[in-house]
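Notes follow once the structure below has been shown.
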Amino acid sequence: MKVITVKNQLEGAKIAFDLLKEAMEGGSKTLGLATGSTPVEFYNQVVQSDLDFSEMISINLDEYVGLDGSDDQSYRYFMEQHLFNEKPFKENFLPDGKATDLLAEVKHYDSIIDSHPIDFQILGIGANGHIGFNEPGTSFEVTTHVVDLAESTIQANARFFEDESQVPRQAISMGIASIMKSKEIVLMAYGEAKAEAVKGMIEGEITESLPASVLQKHDNVIVIADEAAAKLL
Ligand code: GLP
């Protein structure tokens, strides 16, 4: 893993943007995208750029179960607000949180990922080391799956909702095995709350108790961390 320490999210976003630009110049066609506060500035950089996405495909990591794409807490809505409305892609894939048959949706999402191998994957990291919504204890072998969110994740994400009771308890997430197939992975981490997870991911043992530690087994991962998130390294 290559680690780049930056002063703040803006500096990190500019570096991630340059990496994306380079990947697109090198022929990358399919982007794996993440939500959360971490990639927001990165998406701003993309929106302000002259990069053209009309021939690009995006595949997002996850979506809350029970939320429709028009719900302002859904990840589809987030992506539209922060990126897709400004930068039209050829196609944008996210799991359907309103699917009546969740298992069928899981299979369908796996087939989407199989037919569009991810060239460039953006990741954030949860304070408990989750990537996507792959919570501690998730098998490294798993592909798309329905997840019961960890209590700590529900609490962490409550800040985006009116109150904690409104945070969905389940999500559909791309699995760790699928994330690991991406050709290049750029993981951003900002703030002191991520410091323990970042240390474990980079210097700890590779363990399903800290999902992001699996990235030590990937040969093309760049971690962009601010000083607070990198302070235990
Ligand atoms: C969320 C998302 C992850 C994200 C992480 C960190 O629950 N499912 O994809 O990386 O938690 O969120 P944030 O960037 O807001 O700290």
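Condition test on Pro88, is it modelled with pLDDT of 95 or more and over 17 Å from the mean Cα position of the chain (by Cα)?
It is true that Pro88 is modelled with pLDDT of 95 or more and over 17 Å from the mean Cα position of the chain (by Cα).
Considering the range 19-57 alone, what residues qualify as being under 29 Å from Ile206 (Cα atoms) and either among the hydrophobic types (A, V, I, L, M, F, W, C) or away from the ligand (no atom under 16 Å from the Cβ) (or both)?
Those that are under 29 Å from Ile206 (Cα atoms) and either among the hydrophobic types (A, V, I, L, M, F, W, C) or away from the ligand (no atom under 16 Å from the Cβ) (or both): Leu19, Leu20, Ala23, Ser28, Thr30, Leu31, Leu33, Ala34, Val40, Phe42.
Against the definition (closer than 21 Å to Asp110 by Cβ and more than 14 Å from the chain's Cα centre (by Cα)), how does Lys183 come out, yes or no? Before you say what the answer is, go through the steps one by one.
On the way: closer than 21 Å to Asp110 by Cβ: yes; more than 14 Å from the chain's Cα centre (by Cα): yes.
Criteria met by Lys183.
Which condition breaks for His108 when tested against (1) farther than 21 Å from Ile179 by Cα; (2) surrounded by fewer than 17 Cβ atoms within 10 Å (Cβ to Cβ); (3) modelled with pLDDT of 95 or more?
Among (1) farther than 21 Å from Ile179 by Cα; (2) surrounded by fewer than 17 Cβ atoms within 10 Å (Cβ to Cβ); (3) modelled with pLDDT of 95 or more, the lone unmet condition for His108 is (1).
I'd like to verify a number: residues in the range 7-41 that are hydrophobic (A, V, I, L, M, F, W, C), more than 19 Å from Leu94 (Cα to Cα) and in contact with a helix residue (DSSP H, G or I) (Cβ under 8 Å, 6 or more places away or on another chain), how many?
Residues of the range 7-41 that are hydrophobic (A, V, I, L, M, F, W, C), as a first pass: 10, 13, 15-17, 19-20, 23-24, 31, 33-34, 40.
In the following step, the residues that additionally are more than 19 Å from Leu94 (Cα to Cα) were identified as 10, 13, 15-17, 19-20, 23-24.
Those left that are additionally in contact with a helix residue (DSSP H, G or I) (Cβ under 8 Å, 6 or more places away or on another chain): 10, 13, 16-17, 20.
The total comes to 5.
Whether any residue in the range 155-173 is touching a Lys or Arg at 6+ places or on another chain (Cβ under 9 Å) and surrounded by 15 or more Cβ atoms within 10 Å (Cβ to Cβ) is what I want to check. Working first, answer last.
Taking the range 155-173 first, the residues touching a Lys or Arg at 6+ places or on another chain (Cβ under 9 Å) are none.
Within the range 155-173, none of the residues are touching a Lys or Arg at 6+ places or on another chain (Cβ under 9 Å) and surrounded by 15 or more Cβ atoms within 10 Å (Cβ to Cβ).
The values are calculated or read from the model by the stated rules, or taken from the named source; none is laboratory data. Quick caveat: nothing in here was measured; it's all calculated off a predicted structure. Cβ: placed from backbone, ideal geometry, glycine included. Neighbour counts: every protein chain shown.
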